[in-house]
């Protein structure tokens with residue numbers, strides 16, 4: 001699908017569907033969540049009408065991004081079924097689904113594997129110290145719970161994306177420890193395709209009183225991450241959170257090679273609009289970088305997928321190869 005060229009930077013033409021913003025966690029830096037019962041669930045009919053509009057807009061990835069319903073809630077089964085049905089609908093209408101809905105049970109991940117070409121969950125940071133601060137009221141942010149997701153994804157052969165949230169009270173050593181844990185898990189299962197390095201960017205809804213992560217530090221973190229992570233894991237950065245064009249380019253020179261899903265809105269950071277493809281090309285091309293679309297599953301992990309998913313993925317690969325060619 002992609003040209004073999006060391007100056008390629010990839011992105012996914014994506015659209016984010018939010019089944020619900022309700023979440024039982026209360027992370028103090030969050031600009032996404034709503035209280036349980038305060039966010040309506042998207043209906044299948046609403047989603048179908050939206051997908052019909054997207055079919056003419058060169059959208060490949062449907063990112064299912066949801067707030068979390070408590071594992072023991074009476075609504076959990078209905079919430080999970082809604083996510084499954086949204087993935088199934090998106091796939092049936094020609095899209096490639098990717099789900100990030102917080103920690104799931106092994107059985108839930110196993111079911112979603114049938115209707116997703118990849119899945120994801122941010123580790124954020126593995127230090128337990130944050131359970132006394134920003135994660136004090138976030139039960140599912142237990143480091144061992146989130147690390148367990150990476151292991152289950154490996155056992156189930158699910159192409160997986162994870163990442164770090166930088167600047168929420170962790171230390172520099174915490175970065176390296178979290179990255180080393182990711183590298184170790186990948187060496188066992190070879191299933192992690194991307195690691196996102198996301199700088200904390202204050203939003204209008206959060207209660208966490210802290211400055212944004214210093215963008216001048218980001219190239220250093222990327223450079224060190226590139227040394228820790230295996231070479232087949234791509235480092236992703238969100239370009240809307242790196243406002244200075246010079247530092248965005250510095251991040252690429254340091255080893256980042258992906259800009260994530262580019263769509264109408266960053267649901268996690270709604271105060272920071274996505275840059276349009278044309279804007280990104282205007283930044284990248286003068287510096288010798290080529291912006292190239294990709295699928296939500298990387299080619300070396302296609303074999304992890306069911307034959308039905310592989311056929312759909314291959315159709316998209318042919319489409320993209322024609323565009324690039």
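Laboratory data are not the source of any read-out in this text; all were calculated from the coordinates shown. Worth saying up front: this structure is predicted, and the values here are computed from it rather than measured. Neighbour counts are summed over all protein chains in view; Cβ atoms, including those assigned to glycine, are modelled from backbone coordinates with ideal geometry.
Between residue 188 and residue 290, with labels modelled 7 Å along Cα→Cβ, what's the label distance in nm to one decimal, could you check?
Distance between label points: 3.9 nm.
Could you work out which residue, out of 54, 112, 96, moves most in a Gaussian network model of the chain, that is, has the largest mean-square fluctuation with Cα springs under 10 Å?
54
What do the square roots of 5 times the Cα gyration tensor eigenvalues come to for the range 8-324, in whole Å, largest first, as semi-axes of the equivalent ellipsoid?
Ellipsoid half-lengths, sorted descending, are 26, 25, 20 Å.
Starting from the Cα-Cα distance between residue 173 and residue 209, subtract it from 0.36 nm times their residue separation and give me the gain in nm to one decimal.
Between residue 173 and residue 209, full extension yields 10.7 nm more.
Please report the spacing between the Cα centers of the range 282-324 and the range 202-264 in Å, no decimals.
Distance between centres, Cα-based: 22 Å.
Assign one of three labels to the range 1-131, namely rounded, prolate or oblate, based on the Cα gyration tensor with a ≥ b ≥ c the square roots of its eigenvalues; rounded applies when a/c is under 1.5, prolate when it is not and a/b is larger than b/c, and oblate otherwise.
Oblate, because a/c is 1.5 or more while a/b does not exceed b/c.
So what's the back-of-envelope 222 nm ellipticity for the chain, counting only DSSP H runs of four-plus at -39500 (n - 2.57) apiece and dividing by all residues, rounded to 500?
When only DSSP H runs of four or more count, the value is -11000 deg cm²/dmol.
Could you order the peptides 98-105, 59-66, 234-241, 302-309 from most to least packed, using the average number of other C-beta atoms within 10 Å per residue?
Ranking the peptides 98-105, 59-66, 234-241, 302-309 by packing returns 59-66, 234-241, 98-105, 302-309.
Compute a Gaussian network model of the chain, connecting alpha carbons closer than 10 Å, and tell me which residue from 215, 286, 264 fluctuates the most.
286
Taking Cα centroids, how far is the range 108-136 from the range 163-180 in Å?
With the range 108-136 and the range 163-180 each reduced to a Cα centre, they are spaced 15 Å.
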